[in-house]
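Heads up, the thing below is written out as structure tokens.
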Amino acid sequence: GAERLVRKFREVDAEGEFVGPALVAKEGRFMEDLVPGQGQMVYSFHRRFCDTQARAQKLAEVFNEKLSKLPSFIPGVTPTIAFLECAVYVVRDVNVGEIGVLVEKQLDPRAYKKWNDNAGFVDGQDAMAEQLPGAKTALAIIEESDDEETDNSEESSESEHATRADPDISVADIPQAFSHFTYRYTKRRLLVCDLQGVLSVSDSGSSKFEFTDPVIHFCSRTGQRSVFGRTDRGKAGVSDFFRSHKCSALCRMINRTWIRKVGQEQRMQHVIGAEDGRQGALSGISNLAL
């Protein structure tokens, strides 16, 4: 990836035999990501990634709840979204001593796919058209549209959906609708993208997207850059997403019918600690990292 190296990883027992599932270990590509101290522990570097992945998971839980309330949602058939749990392992390297690596389960490489990226790519769509001189950016148009909405228009939209049959949910639309949802739900403060992983099916037949290495584009109000790492492109990244994003019926249902039922305090908890650099401030993140 852009920031990390990935290696196969396994746990072993006292006899040196493999135990547990196949895992992967991730470490920084750049020397500046190594923190001087005990060996070369990269706690702060991995904490940022755990923070990013945990925030994405919290938003996925809200999205899944809204998705499950749509009339066209079929339990066990319509895929939901999940981000992999991660942990930091301390291992001893014969060359550099003790190091920290971020460990998570290994996804099936044969089924691995990228549904969108952090520069506007969307699976199944052509590359972004070049911005015309003098034209408004897609981000500006989206923000104007959001500003013009009122509670009455939301209620009208909800009423309209209630009086007609909702269209079927297309599996391909779910990742893109989720990315758009994260931006609207956090009141245009952040957007989760670079959705990559597998669409897995459990033994019981239920399906879900299992994603890893998400990117968060954070729209800082104090001019900070790369709050969530080098791949965080802030407003430019958000703008690129909306330049190529095409709202589906699912996207419109999720973003217009359900969001305003949730209080502002609940929506804003997903940006806690981001502006002031308090990694791991979101509930549950400190347990994932270290």
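Coordinate-derived values only; no laboratory data. Quick caveat, the model's predicted, so the values are computed rather than measured. Ideal geometry is used to build each Cβ from the backbone, glycine not excepted, and the neighbour counts take in all protein chains shown.
The table below lists the values:
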quantity: Relative contact order (percent, whole number), region 190-244, Cα cutoff 8 Å, 6+ residue spacing; calculated: 29
quantity: Cα→Cβ-extended label distance, 7 Å offset, between R188 and S226, nm; calculated: 2.7
quantity: Mean Cβ neighbour count within 10 Å, used as a protection proxy, ranking 234-240, 250-256, 210-216, 110-116 highest first; calculated: 210-216, 250-256, 234-240, 110-116
quantity: Theoretical gain in end-to-end length, D108 to V91 [0.36 nm per residue, Cα-Cα removed]; calculated: 3.7 nm
